[in-house]
There are 2 protein chains.
Amino acid sequence: MVQTNEKRSGTNEIYIGNKPFMKYVIATMMQLKENDSAVIRARGKFISRGVDVVEVVKKRIQEAESVELNQTITTGTEGFKNDEGKHINVSTIDIVLKR
Amino acid sequence: MVQTNEKRSGTNEIYIGNKPFMKYVIATMMQLKENDSAVIRARGKFISRGVDVVEVVKKRIQEAESVELNQTITTGTEGFKNDEGKHINVSTIDIVLKR
């Protein structure tokens, strides 16, 4: 079985999780530099954190370059089975940032 | 079931906080019934909850009426001073639902 360590490798997607907050900010800034776009994706309780990351990135780029990023947000629901086999729904958010 | 004694009286805004989850779902459904639109507003850690409310409402209306709600999301940052006088930034989300 082949596994890729970085989920986002090859794409401009950043998945928000438990890592230190600034890691996500820096990863997003890098994607915007390399690709002129970035997609911040988060599920469940990490949605708030995803919005925080986006707000910090927008503010930094506004301050550094006086550029206002274009933002598109979609939300959704994913279903999965938890450890006890119970069906669980979790909300998702995708925030697309573009120069 | 009638609920009127809420912050949102006079507007179609629902502020997400600590109350039982279904209260927000019902309040949003009522606003959509009365005004054909509703604005779900949340700050900080409640942003995830706001998205959950919106996802449940959209699913319910989809199932009951086969209607897909129109959704517009904006995010922002609010600054305030905390109890120790320190300046704090908090992210905000406004989700507008329309029939």
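The values are calculated or read from the model by the stated rules, or taken from the named source; none is laboratory data. As the structure is a computational prediction, the values presented were derived from the model and not from experiment. A quick note on method: Cβ atoms are made from the backbone with ideal geometry, for glycine too, and the neighbour counts reach across all protein chains shown. For the accessible areas, the whole protein counts, side chains as well, though only heavy atoms, and no ligand, DNA or RNA atoms are used. Shrake-Rupley method; radii C 1.70, N 1.55, O 1.52, S 1.80 Å.
Test residue B:97 against the stated conditions and say whether it is open to solvent by less than 20 Å² (accessible area, probe 1.4 Å) and either within 13 Å of chain A (Cβ to nearest Cβ) or under 28 Å from residue A:62 (Cα atoms) (or both).
yes
Quick check: anything in region B:36-45 more than 8 Å from chain A (Cβ to nearest Cβ), in contact with a strand residue (DSSP E or B) (Cβ under 7 Å, 6 or more places away or on another chain) and more than 28 Å from residue B:89 (Cα to Cα)?
Yes: one or more hits.
Can you tell me how many residues within region A:62-94 are within 14 Å of chain B (Cβ to nearest Cβ) and open to solvent by less than 70 Å² (accessible area, probe 1.4 Å)?
13
Considering region A:48-90 alone, what residues qualify as being in contact with a helix residue (DSSP H, G or I) (Cβ under 8 Å, 6 or more places away or on another chain) and farther than 26 Å from residue A:26 by Cβ?
Once the filter is applied, which keeps residues that are in contact with a helix residue (DSSP H, G or I) (Cβ under 8 Å, 6 or more places away or on another chain) and farther than 26 Å from residue A:26 by Cβ, region A:48-90 yields A:76, A:77, A:89.
Pairs needed: first member in region B:84-98, closer than 20 Å to residue B:35 by Cβ; second member anywhere, open to solvent by 40 Å² or more (accessible area, probe 1.4 Å) and outside any strand (DSSP E or B); C-beta distance under 7 Å; at least 6 residues apart or different chains.
Sorted first by the residue in region B:84-98, then by its partner, the pairs are B:98/B:36.
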